[in-house]
Each structure stands twice: as C-alpha cells, then as structure tokens.
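S.K.: The structure that follows is given in the form of structure tokens.
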Amino acid sequence: MKKILVIGSSNTDLIASVKNFPVAGETIEGTSYMQAMGGKGANQAMAAHKLGGNVSFITSLGDDSNGIHALAYYKKEGLEVSSSLIVENIPSGTAMILVDERGENCIVISPGANQKLSPFYIHKVEGKIKEADILVMQMEIPYETVKAVCALSTKYNKQIILNVAPARTLDEEILKDVDVLVVNETEAETISGEKIELIGKDGVIDKLLSMGATTVVLTLGTKGCFFKNETESLDIPAFTVDAKDTTAAGDTFCGALAAEIGKGHSWKEALIFATAASALCVTKMGAQPSIPAEVEVNTFLNSKKFTSN
C-alpha cells in the first residue's frame, strides 16, 4: 500500500443548525449546536485514514486549548501527526459554520496557526515528503507553501493530488506539477477562466488539461463527478441520500480518492468509492464526525450493487 502524506489546515468547527440563513442585521435562533474537528487538511487526512489509507498528516496548531485537544484527538484516532508544527501565542484555526434545514452551509474561517505552515517549515520536514508516495493538499495554507510542496514532490517524483479549495487562480508551474486536480464547478471556472454554462464541463476540463494538469476530477454535488485525462473519461453518478449537512463532503471525497489510489484500485473503482463515501458523509452532522469508515462504504456499495474492488 502506498504512503499518503496530507499537508494542510486543521480547525476547530463551531457548528450551529438554523432553519434559514440570516440576512444582514438579522438575529435568529439556532436549532442545535455542536463543536467538532475540521479544516480541509485534517478532514482529508482523517477521511483517507478512516477509509483504509496509510496516512500521515502535517499541519500547524497553536499551543492553546484547541490545539492541545486537536493533537490528542488525532493521536486517539490513530492518525500520525508527529511532524506537525506547534506555534506559540497564535490561536489554532477555527471555523464558524451555519447549516440550514436543507443541509447547505455557509462558513467563516479564522486561519490562525494554519498561516504559519510556511515553506521554511516544509523544508525542515522534507524527509517526510521524500518518504511518501502520494501528496495531498488544499488551499487553506499559504499559497507559497503549496508551491514549495509541489516543487519538492516533483523533485522526488511523487504523485500530487491538489484540491483547489477554497477557489483561487493557480500559477502555471503548480498546474504542471499536479498529477490529480480535484475541483468543483466554481473552482474549475476560477482556474480556467471559462464558464461551464458556455463551453460545458468537457470544455472547462480540456482547458485545465491544456494548462498543465495531468488528470482532472470535477465534483458536481448531487450530479456525481466527472473524470478526464488524456486517455480516459468517466461520468460517475451520485448516490441519492437524505442530506443533513454537506460540510466535508468534498474533503471526504478527496480523502477517499487518495486512499483508493493508494490501494492500487482503478480510476473507476476509486471514483465510485469516493462518491459513495461523500454521499454517506452528508447524512450526518459535522465535518470529521460524519466521515464514514471503510466498512460502512463497502456495505453501502454492496447494498447498491456497486463494488469498488
């Protein structure tokens, strides 16, 4: 099994359920509240770990109570985090999340210590990159850090999975380093400078491929996902479930995809598994509490007469 290294953010999520999102100046009453671990990096690392991958995680945490709790939680869950950075006098990252009755969310992130995961620190833990087979990243850490990791991954001939979330434009040098680019519709349009409604999903993905990406996975929410590289394209339909909270659905997809690639499964098998994992994720509240285990996904797929292996 291939070694997966996830480098990214870690947050403490403060989650309030509401009937409808408030408008400017409005005070509303929530229907429930919970606190859970989150952050795109941590979500993807935990998903890959729970879904059967051989995973290590590098993040940056403050030395506050949230940071101490996060480290204890990761260790309890068996996620390897020994190379993570702990910074003084800076709070750990937090995210304030509202979830409406349809399961949609809006999120405000305070990055805190995540911004201290610098290129300098990445070079201090360069050995971890050299040891890994697959590198997984997102965009909740400094952009220069993402560039540094991509450069080192290319230097050591490692496979890079980059989820461009939150959406932003990318330098050509990063795109040329990326093996698997995972984007939703907004992210795909932001990077490509094209509109899906004008040129279609094939057109936007072709533009991303022409910009340097080797493989593109376009996630489409309730429409599933679309995969394309120079030799193959796949449309994977979504699974119908009762959605309660869409938080971390995309992160669960990315973590599941990395885990399946690490096990040596085909693209079709990996994408079906990742789509099922993200579907199960939205049936529960919270980011990491909603991530399913490998056995849950396989049971779900068997019930749907699908198999990922």
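The values are calculated or read from the model by the stated rules, or taken from the named source; none is laboratory data. Since the structure is predicted, the reported quantities are computational estimates derived from the model, not experimental observations. Cβ sites come from the backbone with ideal geometry, for glycine too, and all protein chains shown count toward neighbours.
Here's the yes/no breakdown for (1) touching a helix residue (DSSP H, G or I) at 6+ places or on another chain (Cβ under 8 Å); (2) modelled with pLDDT under 95; (3) over 30 Å from I28 (Cβ atoms); (4) not polar (S, T, N, Q):
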{"residue": "A95", "(1), (2), (3), (4)": "no, yes, no, yes"}
{"residue": "S118", "(1), (2), (3), (4)": "yes, no, yes, no"}
{"residue": "M137", "(1), (2), (3), (4)": "yes, no, yes, yes"}
{"residue": "E144", "(1), (2), (3), (4)": "yes, no, yes, yes"}
{"residue": "V149", "(1), (2), (3), (4)": "yes, no, yes, yes"}
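S.K.: To continue, here is another question. What are the residues in region 8-48 that are crowded, with 21+ Cβ neighbours inside 10 Å and of a type in the set (A, V, I, L, M), if any?
M.R.: Within region 8-48, I15, M37, A42, A45, M46, A47, A48 meet the criteria.
S.K.: Take the conditions polar (S, T, N, Q), farther than 19 Å from A270 by Cβ and in a helix (DSSP H, G or I) and apply them to T154. Does it pass?
M.R.: yes
S.K.: Among the aliphatic types (A, V, I, L, M), part of a loop (DSSP other than H, G, I, E, B) and under 21 Å from L79 (Cα atoms) - does that describe any residue in region 296-309?
M.R.: no
S.K.: Would you confirm whether any residue within region 45-67 is out of contact with any Lys or Arg (no Cβ under 7 Å at 6 or more places or on another chain), at pLDDT 95 or above, small (G, A, S) and assigned to a strand (DSSP E or B)?
M.R.: Yes, because at least one residue in region 45-67 is out of contact with any Lys or Arg (no Cβ under 7 Å at 6 or more places or on another chain), at pLDDT 95 or above, small (G, A, S) and assigned to a strand (DSSP E or B).
S.K.: When residues of region 195-217 are filtered for being closer than 19 Å to K176 by Cβ and either among the hydroxyl-bearing types (S, T, Y) or outside any helix (DSSP H, G or I) (or both), how many remain?
M.R.: 8
S.K.: Another question, if that's okay. Tell me which residues, restricted to region 221-247, are closer than 29 Å to K2 by Cβ, out of contact with any strand residue (DSSP E or B) (no Cβ under 7 Å at 6 or more places or on another chain) and crowded, with 16+ Cβ neighbours inside 10 Å.
M.R.: Across region 221-247, the qualifying residues are A238, F239.
S.K.: Can you say whether L170 is surrounded by 17 or more Cβ atoms within 10 Å (Cβ to Cβ), in contact with a Phe, Trp or Tyr (Cβ under 8 Å, 6 or more places away or on another chain), under 26 Å from A148 (Cα atoms) and not β-branched (V, I, T), as far as the supplied structure shows?
M.R.: Here the answer is no, as L170 does not meet what is asked.
S.K.: Against the condition crowded, with 24+ Cβ neighbours inside 10 Å and either in contact with a Ser or Thr (Cβ under 9 Å, 6 or more places away or on another chain) or under 24 Å from D177 (Cβ atoms) (or both), how does I261 come out, does it pass?
M.R.: yes
S.K.: In this structure, is E131 surrounded by fewer than 20 Cβ atoms within 10 Å (Cβ to Cβ), out of contact with any helix residue (DSSP H, G or I) (no Cβ under 9 Å at 6 or more places or on another chain), in contact (Cβ under 8 Å) with a residue 60 or more places away in the chain and farther than 30 Å from V282 by Cα?
M.R.: Spelling it out, E131 is indeed surrounded by fewer than 20 Cβ atoms within 10 Å (Cβ to Cβ), out of contact with any helix residue (DSSP H, G or I) (no Cβ under 9 Å at 6 or more places or on another chain), in contact (Cβ under 8 Å) with a residue 60 or more places away in the chain and farther than 30 Å from V282 by Cα.
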